[in-house]
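What follows is a set of notes on a single structure, which appears directly below.
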């Protein structure tokens, strides 16, 4: 059966807005800083010039995700901006791989604040205030206040710094509920719901943060096998629940096909209050490969349902409509699915 057009995924705030997220910075100073980060993350870092901002994944030897980061390269080393994950654990893992011969000085974890634009309902692009700096680059806007520009984002790199007098910072901030809805719509993985020891970058749509052509790095062998042998067994999808359901979905709930076959698990569930007083349910899920072509999946673990029951909406299980998040990048090889 066909899924209806999900206009809920076209949601935007009424006016141009911003998201503020807590982040962390770790400084790597010295001529070997890029080489160390090259070997400890998924992106090609070593050849990057000063001024480059490179999105990367911090992964284990088995390619499990430890964090998401950007590497901000300058003339004497790099800043590691940790956007998601345990910053102290990331720093500890870096400290363990440093040898006395490495010409790198590893700094402490420093709190930071990352400001991201969100387009308003009638805005054509979210980057107007920061247009002079292209994606993939960064620059210091105010050295004293430690305010940096990263493509379309602002970074306040020093704790206690007041919100800067900048057009992006002057946008109204989304509420926590609105921010979570935007995250779900884009498919940004969060710790620990999607980003954890059980997931890898290809499953979460982070393929653009992975280099399969660079030299040896932690987790490379596993990622290469996944790409070469089409080994990605699940992918992140967003879901929404059409009105009329009597049972609400919940994070951690299993998903199944109408024939009862297990099909994945809900990782995030959000209750969104509608103007008419009803509740719109939406969220994220990790969907198994055998169900990626399904328009619908059932939440819960109560066996099979017939197609006629689903058509008549008589099944008691929440029936979730699936789609690919806006920010999801397909895995390499044959892993791309609708």
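The values are calculated or read from the model by the stated rules, or taken from the named source; none is laboratory data. Treat the numbers as computed from the prediction; the structure is a model and nothing was measured. Reconstructed Cβ throughout: ideal geometry from the backbone, glycine too, with neighbour counts over all protein chains shown.
Observations on the structure shown:
- The one condition from (1) in contact with a strand residue (DSSP E or B) (Cβ under 9 Å, 6 or more places away or on another chain); (2) not in a loop (DSSP other than H, G, I, E, B) that residue 35 does not meet is (1).
- Options 301, 295, 326, 305: the member that is modelled with pLDDT under 95, crowded, with 17+ Cβ neighbours inside 10 Å and in the same structural domain as residue 243 (by TED's automatic domain parsing): 305
- Residues of the range 38-66 that are at positive phi and touching a strand residue (DSSP E or B) at 6+ places or on another chain (Cβ under 8 Å): 51 alone.
- Filter result (out of contact with any strand residue (DSSP E or B) (no Cβ under 9 Å at 6 or more places or on another chain) and in contact (Cβ under 8 Å) with a residue 24 or more places away in the chain) within the range 154-185: 167
- With respect to the conditions (1) at pLDDT 90 or above; (2) farther than 21 Å from residue 324 by Cα; (3) outside any loop (DSSP other than H, G, I, E, B), residue 311 lacks only one, and its number is (1).
- Residues of the range 266-278 satisfying the condition of being touching a strand residue (DSSP E or B) at 6+ places or on another chain (Cβ under 6 Å), surrounded by fewer than 17 Cβ atoms within 10 Å (Cβ to Cβ) and in contact (Cβ under 8 Å) with a residue 12 or more places away in the chain: 271
- For the range 82-90, the count of residues that are assigned to a helix (DSSP H, G or I), touching a strand residue (DSSP E or B) at 6+ places or on another chain (Cβ under 6 Å) and crowded, with 23+ Cβ neighbours inside 10 Å is at least one.
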